[in-house]
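The values are calculated or read from the model by the stated rules, or taken from the named source; none is laboratory data. Just so it is clear, the structure is predicted and the values come from calculations on it, not from any experiment. Here Cβ is always computed from backbone atoms with ideal geometry, including for glycine, and neighbour counts include all displayed protein chains. For accessibility, only protein heavy atoms count, side chains too; no ligands or nucleic acids. Shrake-Rupley method; radii C 1.70, N 1.55, O 1.52, S 1.80 Å.
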Amino acid sequence: MKLTLIGTGYVGLVTGACFAEVGHHVVCVDNDEAKIKLLQAGGLPIYEPGLAELVKKNTAAGRLSFTANTAEGVQKSDVIFIAVPTPPLPDGSVDLSFIERVARDTATAMTDYKIIVDKSTVPVKTGEKVAETIKRYCAARVDFDVVSNPEFLREGFAVSDLMKPDRIVIGTRSPRPVAVMKEIYAPFNAPMVVTDINSAELIKHASNSFLALKISYINALAAICENTGANVQEVAAGMGLDERIGRRFLNAGLGFGGSCFPKDLSAFIKIAEQVGYDFRLLKEVQRINTEQMDRFIKKIIDTLWVLKGKRIGVLGLAFKQNTDDVRMSPAIELCQRLQKEGAILRVHDPKAMDKARAILNDATWVDTLDDVAEGCDALVVATEWDEFKNLDLDRARKLLTHPIMFDGRNLFDRVEMERRGWIYKSVGR
Ligand code: UGA
């Protein structure tokens, strides 16, 4: 099928590449000309495992192309996916101006029947507004259908999540686009849920908020474990074996971050408020998330006492492993708060150093993991990168003035660390 994706951020670019991989002909559109030029020249604006190979292969096969011209993109395909950002406004609600703009531009360019599919995360009832807008601005007065098709990919696992989705949600008020949507997704062999548009839009916010709730729940349990001598990882393992609960997203740590959970949670609280429901449960999820970082900083201060002038090595800057994304990263927040206390930082991340440089000042940037500890008073693990487990602990011990580690992601074995002579503080253990 011929498909157009408007917006080549994480969702648009990865979805476009995966659609091309299963045989569709895909045009990716972005109004950022520099980004389109980079993609046309074979470069990638983001790091995502497996993406470079897919883009290269499908561009060479002629199934994937890029343009900065929206009208061209709209006219080339029957199905137009909207995958533009929906950033937060200062009051926590969602800025829908990019969506509105794309709806208008699409409407202006349409000359025959199109299916307009919203993939961006939007508040419930946005689809209705998109339909109204298209109707108003479509001078050619052609038929169209609007579909809500939320995306559930995780950064760092975006390609595999897209190629093997848990479910495909198709929200529409007319039966006409359902067969087309099913055909587009048939190669992915996933269960399909067909709903009305409003329910599909809600499924996205409800799912992300539920996952955030799960993380805050385990972080609250971590606090109880610390006060009772229990081990949060063992509690999570014991709970997770109950299929109704499941082990995933029960990793205690520094709290959730990234460009989705914090924003979607605020948005969902606001959406609920606007429709007359005070979602206090989710406000508590936010509060626990903020407190989680406070408790970790307190742990560092309780051990090191005065941070002014102390040298601290920080492992990890990305908001989680397998990504170079530092937006709303707990690791960056941790660095900034340590700096505010007067600490001097040596930092390292396998992928996120370039992006972090734009938002973190006055740190020493260390290229190799094993050199971070040099001359430091303590090490902090801030991102759950698996490769940090390969840290040469004996060398790190020698490089540090004292063998102290604050592990915000529970990467190391507590008993083993203490046996090796480390002063080792982790989360909920
Ligand atoms: C999240 C959802 O998982 C995706 O399903 C969704 O499509 C996406 O948002 C989106 O709305 O676009 P993502 O933000 O990429 O994906 O990251 P997650 O893997 O969900 O992690 C979010 C944060 O939670 C990270 O800071 C991570 O470190 C933290 N986390 C995750 C924990 O602290 N503990 C856990 O057990 C899991």
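Quote the accessible area belonging to Arg429 in square angstrom, nearest 10, computed with a 1.4 Å probe and with ligands, DNA and RNA left uncounted.
50
Roughly how much of Arg346 is accessible, in Å² to the nearest 10, using a 1.4 Å probe?
50
Restricting to the range 2-195, what percent of DSSP beta bridges are antiparallel, rounded to 5?
Percentage antiparallel, nearest 5: 10.
From the helices alone, meaning DSSP H stretches of at least four residues, give me the mean residue ellipticity at 222 nm for the chain, per-run term -39500 (n - 2.57), in deg cm²/dmol to the nearest 500.
Mean residue ellipticity at 222 nm (helix-derived): -13500 deg cm²/dmol.
Using alpha-carbon positions, what is the distance between the centroids of the range 288-347 and the range 95-117, in Å?
Between the Cα centres of the range 288-347 and the range 95-117 lies a distance of 42 Å.
In the chain, if the dipole is taken from +1 on Lys/Arg beta carbons and -1 on Asp/Glu beta carbons about the Cα centre, which of Leu213, Val314, Pro150 is farthest to the positive end?
Farthest along the dipole direction, towards plus: Leu213.
How long is the range 282-378 along each principal axis, judged by its Cα atoms, biggest number first, in Å?
If we take the Cα atoms of the range 282-378, the spans are 40, 33, 20 Å.
To two decimal places, what compactness ratio does the range 338-429 give when its Cα radius of gyration is scaled by 2.2 N^0.38 Å?
Compactness ratio reported: 1.06.
Ignoring everything but the protein chains, give the 1.4 Å probe accessible area of Thr290 in square angstrom, nearest 10.
Per-residue accessible area (Thr290): approximately 80 Å².
Where both residues lie in the chain, what percent of DSSP beta bridges are antiparallel, nearest 5?
5
Skipping prolines and chain starts, which residues have an amide H placed within reach, meaning under 5 Å, of the one on Lys310, given they are 5 or more residues away or on another chain?
Those qualifying (amide H under 5 Å, at least 5 residues apart or on another chain) are Ile344.
Could you list the GluC sites (Glu not before Pro) in the range 238-346 that lie in coil according to DSSP, counting only those with at most 11 other Cβ atoms within 10 Å of their Cβ?
Glu243
Cα axis of helix 176-185 to longest principal axis of the chain: angle in degrees, 0 to 90, nearest 10?
50
Using DSSP to define loop residues, name the chymotrypsin sites (Phe, Trp or Tyr not before Pro) in the range 76-136 whose beta-carbon has at most 16 other beta-carbon atoms within 10 Å.
Those satisfying the criteria are Tyr113.
Considering only C-alpha atoms, what is the centroid distance from the range 246-265 to the range 2-34, in Å?
Answer, in whole Å: 27.
Can you compute 3J(HN,Hα) from phi for each residue in the range 341-348, using the Karplus curve 6.51 cos²θ - 1.76 cosθ + 1.60 with θ = phi - 60°, rounded to whole Hz and x for Gly and Pro?
Running phi through 6.51 cos²θ - 1.76 cosθ + 1.60 with θ = phi - 60° gives 7, x, 6, 9, 10, 10, 10, 8 Hz.
Hey, can you grab everything whose amide H is under 5 Å from the amide H of Val26? Only 5+ residues off in sequence or another chain; H modelled, so Pro and N-termini drop out.
Hits under the 5 Å cutoff: Leu3, Leu64, Ser65.
Place +1 on the Cβ of every Lys and Arg and -1 on the Cβ of every Asp and Glu in the chain, take the dipole about the Cα centre, and give the residue among Ala252, Val14, Ile404 whose Cα lies farthest towards its positive end.
So the residue furthest toward the plus end is Ala252.
About its Cα centre, what dipole magnitude does the range 2-195 give when the only charges are +1 on Lys and Arg Cβ and -1 on Asp and Glu Cβ, stated in debye to the nearest 20?
That gives the range 2-195 a dipole magnitude of about 380 debye.
Tell me which residues come under 5 Å, amide H to amide H, from Asp118 once H is placed; ignore anything under 5 positions away on its chain.
Ile82, Val147, Ser148, Asn149
Specify the angular offset, from 0 to 90 degrees and rounded to the nearest 10, of the alpha carbon long axis of helix 261-274 from the longest principal axis of the alpha carbons in the chain.
Around 60 degrees separate the two axes.
Provide the per-residue ³J(HN,Hα) series for the range 276-291, in order, calculated from phi with Karplus coefficients 6.51, -1.76, 1.60 and θ = phi - 60°, each as a whole number of Hz, with x at glycine and proline positions.
x, 10, 8, 7, 5, 4, 6, 5, 5, 4, 5, 5, 4, 5, 5, 5
With the cut-off at 1.5 for a/c, could you classify the range 2-195 from its C-alpha gyration tensor as rounded, prolate or oblate?
rounded
Can you tell me the dipole magnitude for the chain around its Cα centre, using point charges on the Cβ only (Lys, Arg +1; Asp, Glu -1), in Debye to the nearest 20?
Once rounded to the nearest 20, the dipole reads 240 debye.
HN-Hα J couplings of the range 131-144 from phi, Karplus 6.51/-1.76/1.60, θ = phi - 60°, integer Hz, Gly and Pro as x?
Listing the rounded values in order: 4, 4, 5, 5, 4, 5, 9, 7, 5, 6, 6, 8, 6, 7 Hz.
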